[in-house]
Amino acid sequence: MTPVWRSCWTGLKRSLKQQAELLPGLFGEAGPLGQAAWSAPTVRSGWIQGLRSLAQHPSALPFLADCGTLDTIFSLQGDSSLFVASAAGQLLVHILGLSLQGPAEGPPSPQACDWPVCAQKIVGHIEGSLRSMATPQVTQALNVLTTTFGHCHGPWMQVLWERLSPLVACLLQEDPLPAAHSLVDLLLSVARSPVLSSSDCGLWETLAQTLRRLSPAQAGPLALGILKLQDCPQALRAQAFGVLLQPLACVLTAADQAPGPPGLPEGTTGDSVTVDTLLSSKSACAGLLCQTLAHLELLQPLPQRPSPWPQAPLLGAAVTILRFCNGSAAPASDVGGRLCAILAGCVRVQRAALDFLGALAQETGPQELVTQVSAVLLEYLRSPDSSPTVLKKAFQATLRWLLSSPRAPGCCDLDPDTQLFLRELLPVLRKRLCSPCWEVRDSGLEFLTQVTRHWGGQAGFRHALLASEVPELAEQLLRDPESYVRASAVTAVGQLSSQGLHATAASPEQLGGQKESLLAELLHVLSTDSEGFPRRAAMQVFTEWLRDRHADVAEDTEQFVARVLQAASRDLDWEVRAQGLELALVFLAQTLGQPSARCPYAVAAPQATPPGPLAQALRALSRVRLFEFAFRALFDCDRPVAQKSCDLLLFLRAQATPSGGLQEAEGSPDVVPVEAALQRWRAGEQGEPLGDLEPEAVLAVLRSLDLEGLRGALAESSDHVEKSPQSLLQDMLATVGVRGENQADCY
């Protein structure tokens, strides 16, 4: 028990026995808070948390096993508050596990009469709930068992499963099947248990039977869970993969005149139940297809996925679904025609299919199918019927397929098929950047940023992009009325400029001596944009430019850093100020001759800079007003900003302190103005600028500051007070509005 809990409960009663006896009665009709208090979920939750605190002590188990206490916990499993119901179930699991830990010499006896009284009551309640066949009671029992097998790993777990598994198996005989989702969760929890997964307890047979018994929508999560298991019989894995593929088999069959879907594992067919589900309604069809695609997307990168992986039929199914949705498919059967009608314009399925298609880009496929993938992606990017969210997914899938395209043998440039695709894609991108919908413009800019980051050095890409007018459009969007678009435009043109692909590089004749440089335009965004997103983006671009020694920055790095830090120091957005400190750290490392800014708390500290170069570096840092920016940020009201400033100053001190040459050469520096400014900033005042600082004064102030202590204070979260048990009891009292004597009784 923590000291805070001990303090809280001492005022209630002194012994564990008295606590356990009084806790249930505290909220009874005759209790000090009464039934009105018990009606508040916070109070019921606090009561459970109090019991859980008591349950940390084995000596309290006899009192927790009291019928009144357990009956109250049982009833709270069905509480209207999901939080309270979940906490009640977790408490039962905790008490059950504590009571069944048993002696060290062996597992608990399989005989019920030999089990501890507390465990007998809890297990008896679970058995009664399972026998009731009522969905709420069955759900509660299955949830408790799921948590038990997920968190408890003692030898008694096998005894518990052998006792309860017949009742669980009986659920499979019911029609309709009660609590199917909770049953799936339990069986997977048991299968993952290290105690049971390797034992011969009939688990695999139960899983196989459950797969056959569940509906297609219910069986999907179970099939995925089985395929994720590390050790599982091959026959069960094959059955689970077949269940998972059935909806896609139906789609392929509906679109193909062949008698069965080609390329899928043997025995995988779209059965009548799955077909009926797909054709029953638009919501049922969309739900099953989206679930199937999401499950296969999760399975695709796993090492334990089925082998061989049916890449070609999965690609074909994704393309077919997308064409069913946009009406470009040619169904070969009545089922296909009905699927076309059901899926027409279904945004939910389009998004899921595009996500899955993008995931399949990790592997190759037959060239014919890859060509179909490119064609369907262009169809969606061109279509005026594609919603903004679908277009975003289409851009993301297109990027993944572009980046996975093979290189021509012996050539470092893009292969001919990719270059042909680019020539078709860039006009579409140009059109989307002019869309009246801001989400579409934003998605187009994000795509441009990513593809430029990866392909900016490819000659074929550079030639196609510079001829497309896309860079000019991206720069025009710096003045877009929507702040999200302006932010994406800042990032895009920053990336284009880093690769020498920005608009002025594309058409220098348009400058005419009037167009300002991109650097000046982005500085204008940082200084004047009314929204935080573009300003944050500008700071990130400037940091990347400084780190990469961008040509515009290298012309006069000190002036660039000084202007950026001046703008960042006045910004009301804490993320802009924090990013300003990141830029300052990059400049600091470069000025001190370090290859990169390292954490000052690393095991191997960075090498100290010699006194001569150190003095020159400190004067450069002073000229750009870096010290003033960092010292002000040290007392910033936003914790992340103060933490970054502390890291920066600790890094600087780690570089300078070992040399000590400056202080010895010049004697005691005048630190009074700096310390006075620090006092004003700590008090929240603005004060006058520090101006140029002598290196000796900077080092003296760094040595005098307790940066380690400040770092520790900043690292300590404040929620240790708000989330304490004492705070919980205060919330309980505030909820029910008790005063006076009742407050004393509660504490």
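The values are calculated or read from the model by the stated rules, or taken from the named source; none is laboratory data. Here the structure is a predicted model, which is why all the values come from computation and not from measurement. Because the Cβ atoms are built from the backbone with ideal geometry, glycine has one as well, and the counts that use them run over all protein chains shown. When the accessible area is computed, the model is the full protein with side chains, heavy atoms only, and any ligands, DNA or RNA have been set aside. Shrake-Rupley method; radii C 1.70, N 1.55, O 1.52, S 1.80 Å.
Could you check region 519-552 and list, in sequence order, the residues that are in a helix (DSSP H, G or I) and among the basic types (Lys, Arg)?
Those that are in a helix (DSSP H, G or I) and among the basic types (Lys, Arg): Arg535, Arg536, Arg547.
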Does Arg462 satisfy the condition of being farther than 18 Å from His524 by Cβ and either buried (at least 18 other Cβ atoms within 10 Å of the Cβ) or modelled with pLDDT of 90 or more (or both)? yes
Tally the residues that are farther than 19 Å from Thr253 by Cβ and either free of Cβ contacts under 8 Å to residues at least 12 places away in the same chain or open to solvent by less than 10 Å² (accessible area, probe 1.4 Å) (or both), restricting the search to region 287-323. 5
Residues being in contact with a helix residue (DSSP H, G or I) (Cβ under 6 Å, 6 or more places away or on another chain) and at pLDDT 75 or above - total across region 655-677: 1
Flagged in region 138-166 as open to solvent by 30 Å² or more (accessible area, probe 1.4 Å) and aliphatic (A, V, I, L, M), in numbering order, are none
Of all the residues that make up region 343-374, how many are open to solvent by 10 Å² or more (accessible area, probe 1.4 Å), closer than 18 Å to Asp256 by Cβ and of a type in the set (Gly, Ala, Ser)? 1
If we scan region 352-364, do we find a residue that is modelled with pLDDT of 95 or more and either touching a Pro at 6+ places or on another chain (Cβ under 9 Å) or not in a helix (DSSP H, G or I) (or both)? yes
Which condition breaks for Ala341 when tested against (1) part of a helix (DSSP H, G or I); (2) in contact (Cβ under 8 Å) with a residue 24 or more places away in the chain? (2)
Under 9 Å by Cβ, and 6 or more places apart or on different chains, what pairs join a residue from region 428-443 that is of a type in the set (A, V, I, L, M) with one that is surrounded by fewer than 18 Cβ atoms within 10 Å (Cβ to Cβ) and part of a helix (DSSP H, G or I)? Val428/Leu378; Val428/Arg382; Leu433/Gln476; Val440/Pro388
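Taking Leu248, is it open to solvent by less than 20 Å² (accessible area, probe 1.4 Å) and either part of a helix (DSSP H, G or I) or modelled with pLDDT under 90 (or both)? Break it down stepwise before answering.
Working: open to solvent by less than 20 Å² (accessible area, probe 1.4 Å): yes; either part of a helix (DSSP H, G or I) or modelled with pLDDT under 90 (or both): yes.
Considered against the rule, which asks whether it is open to solvent by less than 20 Å² (accessible area, probe 1.4 Å) and either part of a helix (DSSP H, G or I) or modelled with pLDDT under 90 (or both), Leu248 comes out as yes.
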Looking at Arg535, Arg577 in this structure, which one is crowded, with 17+ Cβ neighbours inside 10 Å, more than 23 Å from Leu496 (Cβ to Cβ) and at pLDDT 95 or above? Arg577
For Ala329, which of the numbered conditions (1) buried (at least 20 other Cβ atoms within 10 Å of the Cβ); (2) assigned to a helix (DSSP H, G or I) fails to hold? (2)
Give me the residue from region 469-492 that is modelled with pLDDT of 95 or more and in a loop (DSSP other than H, G, I, E, B) and, out of that set, surrounded by the fewest Cβ atoms within 10 Å (Cβ to Cβ). Pro481
Return the pairs, sorted by first residue and then second, in which the second residue is open to solvent by 20 Å² or more (accessible area, probe 1.4 Å) and part of a helix (DSSP H, G or I), the first residue lies in region 693-705 and is more than 10 Å from Ala615 (Cβ to Cβ) and at pLDDT 80 or above, the beta carbons are less than 7 Å apart, and the residues are 6+ apart or on different chains. Ala700/Gln663; Val701/Glu675; Leu702/Arg653
Within region 402-446, work out how many residues are at pLDDT 90 or above, charged (D, E, K, R) and either open to solvent by less than 30 Å² (accessible area, probe 1.4 Å) or closer than 17 Å to Ala492 by Cα (or both). 7
Subset tally (residues that are outside any helix (DSSP H, G or I), modelled with pLDDT under 65 and open to solvent by 20 Å² or more (accessible area, probe 1.4 Å)) for region 600-649: 9
Filter result for Cys340 (closer than 25 Å to Gln218 by Cβ, open to solvent by less than 50 Å² (accessible area, probe 1.4 Å) and either of a type in the set (Val, Ile, Thr) or touching a helix residue (DSSP H, G or I) at 6+ places or on another chain (Cβ under 7 Å) (or both)): no
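Condition check: assigned to a helix (DSSP H, G or I), modelled with pLDDT of 85 or more, more than 35 Å from the chain's Cα centre (by Cα) and crowded, with 23+ Cβ neighbours inside 10 Å. Does Leu652 satisfy that? Break it down into steps so the answer makes sense when it comes.
On the way: assigned to a helix (DSSP H, G or I): yes; modelled with pLDDT of 85 or more: yes; more than 35 Å from the chain's Cα centre (by Cα): no; crowded, with 23+ Cβ neighbours inside 10 Å: yes.
Answer is no for this residue.
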Considering only residues that are in a helix (DSSP H, G or I), open to solvent by 40 Å² or more (accessible area, probe 1.4 Å) and more than 19 Å from Thr148 (Cα to Cα), which ones fall in region 191-232? Trp204, Glu205, Gln209, Arg212, Arg213, Ala217, Gln218, Pro221, Lys228
